[in-house]
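K.L.:
I have a structure here, written as structure tokens, and I will follow up with some questions on it.
The values are calculated or read from the model by the stated rules, or taken from the named source; none is laboratory data. Nothing here was measured: the structure is a model prediction, and the numbers come from that model. Cβ placement follows ideal geometry from the backbone for every residue including glycine, while neighbour counts extend to all protein chains displayed.
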Amino acid sequence: MITTQLGRYIYSPNMGTFGFLQVGDWRCDSVEEIWKNNQKNISCIPVGTYPLRRAIHHISTPDPDDDYDCYEIVDVPNRSAIHLHIAQAIRDLLGCVGMGSRHGILRGEWAVMEARKTFAEYMERMHALERQDSDLWIAIGNVTADGGVLSA
């Protein structure tokens, strides 16, 4: 069952790929790297439908308590460790997906705002779906800003 939708509608070679992430009737804004031929750690994810599973997002600090639960997009050809995690701009990403309450400008870069709060809301919804024994999937596509499908 598709539990998460990622729709992309803004592409900027210098600032990233922006769109929305939706779980049921809950929706937030998203940020990813730009398309770089699906290269590991530097490209957004190819359009398609993929399973999601729980993972641990490792923070590059000496304290392992800084690591946290997240969801990982799996079975993407030639890719691994694609996490949905706390991030505001492409400088915070290695081929993963960040989320926030709205798009904005942070330190001169396009970004998503209120990433921690939004991530907590996303995790709450995903955990509720897991408790219902739902299979977790994400559908990624290109859309118009109003949600019309360009490609699936």
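K.L.:
Which residue is nearest to residue 122 (Cα to Cα), if the candidates are limited to the stretch 35-67 and must be among the hydrophobic types (A, V, I, L, M, F, W, C) and touching a residue at least 60 places away in the same chain (Cβ under 8 Å)?
P.N.:
Top of the filtered list is 52.
K.L.:
Please specify each residue of the stretch 1-25 satisfying the condition of being within 17 Å of residue 136 (Cβ to Cβ), in a strand (DSSP E or B) and in contact with an Asp or Glu (Cβ under 6 Å, 6 or more places away or on another chain).
P.N.:
Scanning the stretch 1-25 gives no hits.
K.L.:
In addition: Can you find, within the stretch 71-92, the residue that is surrounded by the most Cβ atoms within 10 Å (Cβ to Cβ) among those that are at pLDDT 95 or above, charged (D, E, K, R) and more than 10 Å from the chain's Cα centre (by Cα)?
P.N.:
Among those that are at pLDDT 95 or above, charged (D, E, K, R) and more than 10 Å from the chain's Cα centre (by Cα), it is 79.
K.L.:
Whether any residue in the stretch 125-138 is touching a helix residue (DSSP H, G or I) at 6+ places or on another chain (Cβ under 8 Å), within 14 Å of residue 23 (Cα to Cα) and crowded, with 22+ Cβ neighbours inside 10 Å is what I want to check.
P.N.:
Among the residues of the stretch 125-138, not one is touching a helix residue (DSSP H, G or I) at 6+ places or on another chain (Cβ under 8 Å), within 14 Å of residue 23 (Cα to Cα) and crowded, with 22+ Cβ neighbours inside 10 Å, which makes the answer no.
Condition check ((1) under 16 Å from residue 22 (Cα atoms); (2) touching a His at 6+ places or on another chain (Cβ under 9 Å)) across all residues:
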position: 45; (1), (2): no, no
position: 49; (1), (2): yes, no
position: 67; (1), (2): no, yes
position: 97; (1), (2): yes, yes
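K.L.:
Restricting the search to the stretch 6-29, which residues are of a type in the set (S, T, N, Q) and either at pLDDT 95 or above or in contact with a helix residue (DSSP H, G or I) (Cβ under 8 Å, 6 or more places away or on another chain) (or both)?
P.N.:
Result: 17, 22.
K.L.:
State which residue is nearest to residue 127 (Cα to Cα) when the search covers only the stretch 16-34 and only residues that are surrounded by 17 or more Cβ atoms within 10 Å (Cβ to Cβ) and among the hydrophobic types (A, V, I, L, M, F, W, C).
P.N.:
23
K.L.:
For the stretch 26-44, state whether one or more residues are under 24 Å from residue 130 (Cα atoms) and assigned to a loop (DSSP other than H, G, I, E, B).
P.N.:
no
K.L.:
Exactly one of (1) polar (S, T, N, Q); (2) out of contact with any strand residue (DSSP E or B) (no Cβ under 7 Å at 6 or more places or on another chain); (3) within 21 Å of residue 106 (Cβ to Cβ) is unmet by residue 30. Its number?
P.N.:
Just one mismatch for residue 30, condition (2).
K.L.:
Taking the stretch 93-112 as the search range and keeping residues that are touching a residue at least 24 places away in the same chain (Cβ under 8 Å) and over 21 Å from residue 25 (Cβ atoms), which one is farthest from the chain's Cα centre (by Cα)?
P.N.:
Among residues in the stretch 93-112 that are touching a residue at least 24 places away in the same chain (Cβ under 8 Å) and over 21 Å from residue 25 (Cβ atoms), the one farthest from the chain's Cα centre (by Cα) is 109.
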